[in-house]
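Inspection log for the structure reproduced underneath, given as structure tokens.
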């Protein structure tokens, strides 16, 4: 099944290309979305630019090759200037600190990056594993010209 050409939000930016983000990017490209994947770790970007994943998932590398060949997948270290995505999906890690509390600094960093680059009215989806109530504060950091993000969450 492919997403129809009349579907308005076909350009997506996924921030964080670990297991959750990369598999999501591959599947979205497979059904016709144009996906910009953002990953700050250079070693992961190197794998991706070679058409490889940093982990094994059956069929994933084939999907990555096809998405790149179709021009539907691209990889960047940061959201590129002029990114035309209308949907931003945060899939960065939320590791525990030394006291066993969830670290939110990575979510906060990408929220600031989205705020600096995205167009007003874009959709912000939180796909990271976070505590209840985290989406609101993160999305409140994403404001364009006084217009807040439209937040959504997909808890794990």
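Computed from the coordinates by the stated procedures, all read-outs in this text should not be read as laboratory data. All figures in this text were calculated on a predicted structure; none of them were measured in a lab. Cβ atoms come from the backbone with ideal geometry, glycine included; neighbour counts cover every protein chain shown.
Within the range 83-101, track down each residue that is within 16 Å of the chain's Cα centre (by Cα) and either without any contact (Cβ under 8 Å) to a residue 40 or more places away in the chain or in a loop (DSSP other than H, G, I, E, B) (or both).
83, 84, 85, 86, 91, 92, 93, 94
Counting just the residues of the range 21-44 that are surrounded by 15 or more Cβ atoms within 10 Å (Cβ to Cβ) and more than 14 Å from the chain's Cα centre (by Cα), which one comes out nearest to residue 90 (Cα to Cα)?
As a first pass, look at the range 21-44 and keep what is surrounded by 15 or more Cβ atoms within 10 Å (Cβ to Cβ): 21-26, 28-30, 32-40, 44.
If we keep only those that are more than 14 Å from the chain's Cα centre (by Cα) as well, we get 30, 32, 44.
Values: 30: 19, 32: 20, 44: 17 Å.
So, considering only residues that are surrounded by 15 or more Cβ atoms within 10 Å (Cβ to Cβ) and more than 14 Å from the chain's Cα centre (by Cα), the one nearest to residue 90 (Cα to Cα) is 44.
Every residue in the range 54-68 that is under 14 Å from residue 30 (Cβ atoms) and in contact (Cβ under 8 Å) with a residue 24 or more places away in the chain, please.
Answer for the range 54-68, where residues must be under 14 Å from residue 30 (Cβ atoms) and in contact (Cβ under 8 Å) with a residue 24 or more places away in the chain: 57, 60, 63, 64, 66, 67.
For the range 1-20, enumerate the residues that are touching a strand residue (DSSP E or B) at 6+ places or on another chain (Cβ under 7 Å) and surrounded by fewer than 23 Cβ atoms within 10 Å (Cβ to Cβ). Can you show your working first?
Step one: list which residues in the range 1-20 are touching a strand residue (DSSP E or B) at 6+ places or on another chain (Cβ under 7 Å), which gives 9-17.
Scanning the range 1-20 gives 9, 10, 11, 12.
Look at residue 59 and say whether it is more than 17 Å from the chain's Cα centre (by Cα) and surrounded by 13 or more Cβ atoms within 10 Å (Cβ to Cβ).
Here the answer is no, as residue 59 does not meet what is asked.
Which number in (1) free of Cβ contacts under 8 Å to residues at least 40 places away in the same chain; (2) closer than 12 Å to residue 73 by Cα; (3) touching a strand residue (DSSP E or B) at 6+ places or on another chain (Cβ under 6 Å) marks the one condition that residue 45 misses?
(2)
Considering only the range 68-118, how many residues are touching a strand residue (DSSP E or B) at 6+ places or on another chain (Cβ under 9 Å), closer than 19 Å to residue 35 by Cα and exposed (fewer than 13 other Cβ atoms within 10 Å of the Cβ)?
Result for the range 68-118: 3.
Please go through the range 71-82 and give me each residue that is in a loop (DSSP other than H, G, I, E, B), within 17 Å of residue 26 (Cβ to Cβ) and touching a helix residue (DSSP H, G or I) at 6+ places or on another chain (Cβ under 7 Å), ordered by number.
In the first step, residues of the range 71-82 are kept if they are in a loop (DSSP other than H, G, I, E, B); the result is 71-72, 77-82.
Then drop every residue that is not within 17 Å of residue 26 (Cβ to Cβ), which leaves 71-72.
Within the range 71-82, 72 is the sole residue that qualifies.
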